[in-house]
1. Determine whether segment 39-49 contains at least one residue that is closer than 25 Å to VAL153 by Cβ, outside the structural domain of PRO148 (by TED's automatic domain parsing) and under 16 Å from the mean Cα position of the chain (by Cα).
2. So, VAL104, is that one in contact (Cβ under 8 Å) with a residue 24 or more places away in the chain and under 28 Å from ASP155 (Cα atoms) or not?
3. Do you know which of the residues in segment 26-46 that are of a type in the set (A, V, I, L, M) and surrounded by fewer than 13 Cβ atoms within 10 Å (Cβ to Cβ) is farthest from VAL63 (Cα to Cα)?
4. Could you check HIS91 against (1) closer than 17 Å to ASP114 by Cα; (2) surrounded by fewer than 15 Cβ atoms within 10 Å (Cβ to Cβ); (3) outside the structural domain of THR124 (by TED's automatic domain parsing) and say which number it fails?
5. Say whether the condition of being over 31 Å from the mean Cα position of the chain (by Cα), over 16 Å from VAL136 (Cα atoms) and buried (at least 20 other Cβ atoms within 10 Å of the Cβ) is met by at least one residue in segment 10-18.
6. With respect to the numbered conditions (1) touching an Asp or Glu at 6+ places or on another chain (Cβ under 6 Å); (2) surrounded by fewer than 24 Cβ atoms within 10 Å (Cβ to Cβ), which one is the sole condition not fulfilled by ALA119?
7. For the structure I just gave you, tell me whether GLY67 is surrounded by fewer than 15 Cβ atoms within 10 Å (Cβ to Cβ) and assigned to a helix (DSSP H, G or I).
8. Against the condition closer than 30 Å to VAL156 by Cβ and either in contact with a helix residue (DSSP H, G or I) (Cβ under 6 Å, 6 or more places away or on another chain) or surrounded by fewer than 17 Cβ atoms within 10 Å (Cβ to Cβ) (or both), how does ALA23 come out, does it pass?
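The values are calculated or read from the model by the stated rules, or taken from the named source; none is laboratory data. Quantities reported herein were computed from a predicted structural model and do not represent experimental measurements. Virtual Cβ from ideal backbone geometry, glycine too; neighbours counted across all protein chains shown.
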Amino acid sequence: MDVPTLEWLLTDPGRDLLEVAMAAYVDAAGDPVRAATQVRKAERDAERAAAALTQAELRTRAVAKFGALAPHMFFTPDALEQATRLRVAEHRAARLAAAQPSSVVDPGCGIGGDLIAFARAGLTAAGVDLDPVRVVAARANPAALGLPGAVRVADVTSIDPERLRRGLRRPGPTRRPGPGLRHRRLDSPVAVRPRPAGRSWRREGGSRHPPRRHPRRRGGRVGQRCRRREGGGAVGAGVRDHRPPRHRHR
């Protein structure tokens, strides 16, 4: 989907077509062929009809994240996967509102899911994203819910860090650095720095702490056993049992 097509969906004819697409998607039980047949009867432009059907499918999938707000919002497939769940965004916004900041800036705002939570918490919020399609969706989503918000297309690294310092937040799941990296402030010369190389003891389904090692015994023969026959000769002399005592790990 490109910017002109998404902007057309924001017009009155586009919203009417979205209503048709939503009804057709429900009547067809998710069958794209049957739904496309009904939508093409209302809109001859194949690109616009496909965009409306895509939005109908994405809105259905977005209910799991945004609940009752999903049928009024606009998405792209990748942005929906990256969007924060509404409950998580509202919890984060409530904690941020307790600090009473003057404003909040969301770098890499995507389709504006966090901006909606910030606005509902009474915060003055603005978003920045490099993708023009996501910026159009991020502007439309708060407006569709009657919430304020400002979004613009920009590269976060090109913005003055002093203007963003108070509004910086931790990025979403798919925008975080990979394993072995940690976060840095935007005004730092190095955005991320690798951790020192070392063995990680954290395993799937196991303990995050390294296993305990038994202290090495020093001196003496451990478990040496010697049996003697009647009349003298030694049997088993020098046989040692090196099995360590059992320890119960807590």
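1. Of the residues in segment 39-49, the ones closer than 25 Å to VAL153 by Cβ are 47-48.
After this cut, where a residue has to be outside the structural domain of PRO148 (by TED's automatic domain parsing) as well, the list is 47-48.
Next, from what is left, pick out any that are under 16 Å from the mean Cα position of the chain (by Cα): none.
Within segment 39-49, not a single residue is closer than 25 Å to VAL153 by Cβ, outside the structural domain of PRO148 (by TED's automatic domain parsing) and under 16 Å from the mean Cα position of the chain (by Cα).
2. On the way: in contact (Cβ under 8 Å) with a residue 24 or more places away in the chain: yes; under 28 Å from ASP155 (Cα atoms): yes.
Here the answer is yes, as VAL104 does meet what is asked.
3. So the residue we want is ALA46.
4. (3)
5. So far as segment 10-18 goes, yes, one or more of its residues are over 31 Å from the mean Cα position of the chain (by Cα), over 16 Å from VAL136 (Cα atoms) and buried (at least 20 other Cβ atoms within 10 Å of the Cβ).
6. (1)
7. Numbers: surrounded by fewer than 15 Cβ atoms within 10 Å (Cβ to Cβ): yes; assigned to a helix (DSSP H, G or I): yes.
Answer is yes for this residue.
8. On the way: closer than 30 Å to VAL156 by Cβ: no; either in contact with a helix residue (DSSP H, G or I) (Cβ under 6 Å, 6 or more places away or on another chain) or surrounded by fewer than 17 Cβ atoms within 10 Å (Cβ to Cβ) (or both): yes.
No.
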